[in-house]
1. Which members of segment 44-55 meet the condition of being in a strand (DSSP E or B), surrounded by 13 or more Cβ atoms within 10 Å (Cβ to Cβ) and either charged (D, E, K, R) or within 12 Å of the ligand (Cβ to nearest atom) (or both)?
2. Quick check on segment 99-117: of everything there that is modelled with pLDDT under 95 and part of a strand (DSSP E or B), which residue is surrounded by the most Cβ atoms within 10 Å (Cβ to Cβ)?
3. Can you find, within segment 56-84, the residue that is farthest from the ligand (Cβ to nearest atom) among those that are in contact with a Pro (Cβ under 8 Å, 6 or more places away or on another chain) and without any contact (Cβ under 8 Å) to a residue 24 or more places away in the chain?
4. Exactly one of these conditions fails for Leu6: (1) under 18 Å from Pro127 (Cα atoms); (2) touching a Ser or Thr at 6+ places or on another chain (Cβ under 8 Å). Give me its number.
5. Looking at Val100, Val73, Val68, can you tell me which residue is more than 19 Å from Lys130 (Cα to Cα) and not acidic (Asp, Glu)?
6. Do you know which residues across segment 13-38 are touching a residue at least 12 places away in the same chain (Cβ under 8 Å) and either within 16 Å of the ligand (Cβ to nearest atom) or more than 19 Å from Ser97 (Cα to Cα) (or both)?
7. For segment 28-43, enumerate the residues that are crowded, with 16+ Cβ neighbours inside 10 Å and either basic (Lys, Arg) or touching a Leu at 6+ places or on another chain (Cβ under 7 Å) (or both).
Amino acid sequence: MSDRPLPLPDPETAFFWEATARRQLEILRCQTCKTWVHYPKPSCWNCSSGDLKPERVSGRGTVYSYTVTHQDVPGYTAPFAVVIVELEEQAGLRMVSNVVDVPPEDVRIGMPVEVTFQPVAEDVWLPLFKKR
Ligand SMILES: [Zn+2]
């Protein structure tokens, strides 16, 4: 457990946190054109369809970009890396997270990663990434 700020699910993001509580990563997918949509939105950016449903993704991806923070913030002890991970399901399908088990100075753009889940409260699990 940690003192990290907890996610505050709303109707658009509740599915995401319910999935991470099962240690699964789910992303909204347009049922009309099959485009993945993240962050969650009420309609597809590609075809404007409102028919979006959560589907499980592999959790595999690569580091698209990152920054190393050298100042403590609540729940995080500096230095730590904030990463943008591009998931393998779709070019441009990216999420912000942290890399664990890799020193911040060893994080690299293009590094292959996969999701791992860390509990921060009862039934609240954060999707983080580890090197693969
Ligand atoms: Zn669509």
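1. Leu52, Glu55
2. The qualifying residue surrounded by the most Cβ atoms within 10 Å (Cβ to Cβ) is Val99.
3. Here the residue is His70.
4. Going through (1) under 18 Å from Pro127 (Cα atoms); (2) touching a Ser or Thr at 6+ places or on another chain (Cβ under 8 Å) one by one, Leu6 breaks only (2).
5. Selected residue: Val73, the only one of Val100, Val73, Val68 that is more than 19 Å from Lys130 (Cα to Cα) and not acidic (Asp, Glu).
6. Scanning segment 13-38 gives Ile27, Leu28, Arg29, Cys30, Gln31, Thr32, Cys33, Thr35, Trp36, Val37, His38.
7. Leu28, Arg29, Cys30, Trp36, Val37, His38, Pro40
The values are calculated or read from the model by the stated rules, or taken from the named source; none is laboratory data. Bear in mind the structure is a predicted one, so any value in this text is a computation, not a measurement. FYI the Cβ positions are ideal-geometry reconstructions off the backbone, even for glycines, and counts take in every protein chain you see.
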